[in-house]
Amino acid sequence: MPPLLSPWTSVPLQAGYALTDTGEQQLAGALHDSLRECLRSTSPAPLGCPLEAPGAHGHSGSWRLITLPEVSVSPGWMGVFTLYARGGVAEFTVPAADGQAPRTHRVLLDARAMGALDREGELVTSWSP
C-alpha cells in the first residue's frame, strides 16, 4: 500500500428521520395547536407567534382565525423538519373605547416553523422568526 500524502477525512453522514403520512399529520396538528395558543393572546404581536397586527400596537384586543393555513412539511438535517403554514387569515380586534368603534386588523398568516422529536419521542414545534 502506498503512503498517504494528504490527511484522510471521512464523508460526514446525515442522520435523520423520514416522516410517514401519520407523522406529517401529527406535526401539522402540533402546529395548529400552537397557532390556537397564539390566538388566545390579547397582544397585537404575541411573543413567539407568527401573528402581528401592526396598526394595533399599544392596544389590547382579541384574535380570531378566519381561515386555517395549509401546512406542508419539508425534511431537514438531523431529524429537524421545516413546516410552512400558508394561506391562513387571522383578525385582531381592538374593542371600542372613548366613543370610537371597534377596530379590526386582518392579517395574512404566512409563516415557517421547525419541528422535531424531543428526547421523549414527542413531536414539538416552534415558530421561526
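So, in the range 22-37, of the ones that are touching a strand residue (DSSP E or B) at 6+ places or on another chain (Cβ under 9 Å) and without any contact (Cβ under 8 Å) to a residue 40 or more places away in the chain, which residue ends up farthest from residue 96 (Cα to Cα)?
29
State the number of residues belonging to the range 68-79 that are under 21 Å from residue 37 (Cβ atoms) and either crowded, with 17+ Cβ neighbours inside 10 Å or in contact (Cβ under 8 Å) with a residue 40 or more places away in the chain (or both).
The total comes to 3.
Looking at (1) under 19 Å from residue 24 (Cβ atoms); (2) surrounded by 11 or more Cβ atoms within 10 Å (Cβ to Cβ), which one does residue 64 not meet, given that it meets all the others?
In the conditions (1) under 19 Å from residue 24 (Cβ atoms); (2) surrounded by 11 or more Cβ atoms within 10 Å (Cβ to Cβ), residue 64 misses (1) alone.
So, in the range 81-121, of the ones that are hydrophobic (A, V, I, L, M, F, W, C) and under 18 Å from residue 25 (Cβ atoms), which residue ends up modelled with the lowest pLDDT?
Restricting to residues being hydrophobic (A, V, I, L, M, F, W, C) and under 18 Å from residue 25 (Cβ atoms), the top hit is 117.
In the range 95-129, which residues are assigned to a strand (DSSP E or B), open to solvent by less than 80 Å² (accessible area, probe 1.4 Å) and either of a type outside the set (Ser, Thr, Tyr) or over 26 Å from residue 66 (Cα atoms) (or both)?
105, 107, 109, 111, 113, 114, 115, 116, 117, 123, 124, 127, listed by residue number.
Looking only at residues in the range 47-59 that are open to solvent by less than 80 Å² (accessible area, probe 1.4 Å) and over 13 Å from the mean Cα position of the chain (by Cα), which one is modelled with the highest pLDDT?
Applying the filter and picking the extreme gives 53.
Taking residue 92, is it in a strand (DSSP E or B) and under 24 Å from residue 22 (Cα atoms)?
No.
The values are calculated or read from the model by the stated rules, or taken from the named source; none is laboratory data. Since the model is a prediction, treat every value here as computed from it, not as a measurement. Counting neighbours? That spans all protein chains shown, and the Cβs are built from the backbone with ideal geometry, glycine included. Keep in mind that these areas ignore ligands, DNA and RNA; they rest on the heavy atoms of the full protein, side chains included. Shrake-Rupley method; radii C 1.70, N 1.55, O 1.52, S 1.80 Å.
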